[in-house]
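These notes are about the structure you will find just below.
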Amino acid sequence: VVSITTAVGAAYLQRLRQAGKSVVLLSSTQMEDFEAPVALPDNRGGTFTAVEHLIGHGHTRIGFVGNLAQQDIRDRFSGYREALETHGLTADPTLVFAAPENGETGGAVAAHGGLDAAHRPTALMVATDRNAIGLMRSLTDAGLAVPRDLAIVAFDNIGAGTFSTPALSSVNQRFDEVGALAGRLILAKMRGDAVPNISFTSRSVALIVRESCGCEADEHPREVGGDDRLPDASLEFVRDELRELLCEGLLTGDRLVDG
């Protein structure tokens, strides 16, 4: 069993384990009353890269938005503080704005805190894309322009961020790679291997640069901090992969014609 984020509670997972099922948690936090291996994205490293990018734009008053009640958000906050300290900057507690939850509404609440701040930041590291989308909407309604008045980077790289105004620069945590890590862990447990009840981190993260951080609009967003090269592949390999994808997507059984 792979339990994703907060899909079920500890009592349910305990019953599964008592029934002989192996259990791995995915993008979750360790539960106080249920210990299991956890597959996580590189929350700290991805955030570190994003904050360094803002510093590269010349920002020194960089704030943080997020729901610090959650462990993964606290890990991202640690990456934010570490990046500032690495570059000789101070993490100002007056520039940390609480979001009560990870959605657009939480971002809107945090926006009001930022607007009311005595000394506003010039840039924000936002813990989730949905927080950032709600935040930018509220800032725009208040007459501010992103990124001219406030540069923003976020975390998750969900599809909605591509279509926000401006397009959202965000850490791509590679959900597929984190899922693959969870798959490897559960297979190891099913084989009877000793898998400790600790957090395992996928290192496949990179900042996808768009407009909200202050970079110029580009038809093809850049990747910072990752390997943006395509893997070596022959034309025949690409053709076969596309053929298989089309057949699975169409489900028609029709013969595909080359060319």
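The values are calculated or read from the model by the stated rules, or taken from the named source; none is laboratory data. Please read all numbers here as calculations on a predicted model, not as lab measurements. Every residue, glycine among them, receives a Cβ derived from its backbone with ideal geometry; neighbour counts consider all protein chains shown. Quick note on the areas: whole protein, heavy atoms, side chains included, nothing else; ligands and nucleic acids left out. Shrake-Rupley method; radii C 1.70, N 1.55, O 1.52, S 1.80 Å.
Annotation: peptides 5-14, 154-163, ranked by per-residue average of other Cβ atoms within 10 Å with the highest first, follow the order 154-163, 5-14. As a length-normalised measure over Cα pairs under 8 Å and 6 or more apart, the relative contact order of region 70-161 settles at 26 percent. Residues of region 15-32 falling in the label zone of T5, defined by backbone nitrogen less than 17 Å from a point 7 Å along Cα to beta-carbon, are 25-31. The local environment of L84, defined by Cβ-Cβ distances under 10 Å, has a net charge of -3 under the rule Lys, Arg +1 and Asp, Glu -1.
Quarter the surface of the alpha carbon convex hull of region 1-125 and you get the mean projected area, 8.5 square nanometres.
Taking Cβ atoms as reference points and 14 Å as the exclusive limit, the residues near L13 contribute a net charge of +1, counting Lys and Arg as +1 and Asp and Glu as -1. Computed over protein heavy atoms with a 1.4 Å probe, the carbon and sulfur contribution to the accessible area of region 163-222 reaches 52%. Average accessible surface for region 6-49: 48 Å² per residue, computed with a 1.4 Å probe over protein heavy atoms with every protein chain in place.
Calculate what fraction, in whole %, of the accessible area of region 1-105 sits on carbon and sulfur atoms when a 1.4 Å probe is rolled over the protein chains. Result for region 1-105: 50 percent of the exposed heavy-atom area is carbon or sulfur. Our estimate of slack between R17 and L68, defined as 0.36 nm per intervening residue step minus the Cα-Cα distance, is 15.4 nm.
Taken along the Cα-to-beta-carbon direction at a fixed 7 Å, the label points for M31 and L89 span 3.8 nm. Expressed to the nearest 5 percent, the antiparallel share of DSSP beta bridges inside region 1-118 is 10 percent.
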